[in-house]
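The values are calculated or read from the model by the stated rules, or taken from the named source; none is laboratory data. All figures in this text were calculated on a predicted structure; none of them were measured in a lab. Don't worry about glycine lacking a Cβ; one is built from the backbone with ideal geometry, like all the others, and counts go over all protein chains shown.
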Amino acid sequence: MKSEKRFNNKGYTLVELIVTILITGMIVTMIMVFISVSRNSFDAVKKEAVLQQEAQMAGSYIGDIAIEASECSKGSFTIISDIGVNNYKVLNIKAPDPDYVSGTRYDYYFIILWEESTQILRFCKVKDDAVLQPDGTYTIPDGSSLVFEAGTDTLDYEAMLSSDGLDIIGNPKALLAKYVTDIDVILPDLATNKRLTQITFHLRYRDKEYILTKNVAGRNLD
C-alpha cells in the first residue's frame, strides 16, 4: 500500500494578509513618528543655538566696551524715504578701544545701531580725534562728518544717516548680530550712583524666540 503525500497549497488567508498589513503599517507609523520627533527636536536645538550665538556675540562685544565707558547715551529715530519708513535705535558708548596696544590708548565712539526693517544690529568705531568745523560739525581724518545735536555732546544719528555725514552703518561696515527684533537699554544714572548699563536683546529665528539681558558695571563713568 502506497502512502499519499499531502501538500498545503492554499497560501495566506485574507485575514492573515490583513493582519500582516496592519502590523507593518503600525511599525512604519512608529518609525515615522520617531523620525519626526527627532527632527523637530534637532531643529529646535539648532534655532536655540543660532539665537544664543547671535545674542552672546553682541552682548560680549558691547559688554567689553561698556565696562570701560566714560560716556553712554542712547536714542531712537525714524527716517522716511522713498522706499518707506524705517525705525532705528542707537547706543553710543565713548570708551577706549579694548584691543588697544600699550601706550596708544585712544578714546573712540562705539556706535551700536539697530535697524527695524532688517532686524540687524551693526556697529562702527570712530576715533575721538574729530576737528570742530566753522559750521559746528566735526570732521574726522577720513573726511566724514560727526554731527552733534545743537548745544549737546550727543551725536545726531538721524542727520548723519540721511545726509552726507558719517555713515554709521558702514564705517567700517560691521555686522554685530542678526535676527534682532528689538533692543532695550537702561543707562547708568550717576545721580543715584547707579553705574550699571542694562542691555536686553530680543531675537527671533523662524518660530523661536530668545531674550538675553546683559548687565555691565562701568568703572570710568564720571
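Quick notes on this structure:
- Filter pass, D207 being surrounded by fewer than 19 Cβ atoms within 10 Å (Cβ to Cβ) and at pLDDT 90 or above: no
- Complete set of residues in segment 59-90 that are over 17 Å from V216 (Cα atoms) and among the charged types (D, E, K, R): D82, K89
- Looking at L155, L113, L175, just one residue is under 16 Å from I62 (Cα atoms), at pLDDT below 90, out of contact with any helix residue (DSSP H, G or I) (no Cβ under 9 Å at 6 or more places or on another chain) and of a type in the set (A, V, I, L, M), and that residue is L175.
- Qualifying residue in segment 129-149 (condition: in contact with a helix residue (DSSP H, G or I) (Cβ under 8 Å, 6 or more places away or on another chain), outside any strand (DSSP E or B), surrounded by 13 or more Cβ atoms within 10 Å (Cβ to Cβ) and at pLDDT 85 or above): no
- Flag for T197 being over 15 Å from A55 (Cα atoms) and modelled with pLDDT of 85 or more: yes
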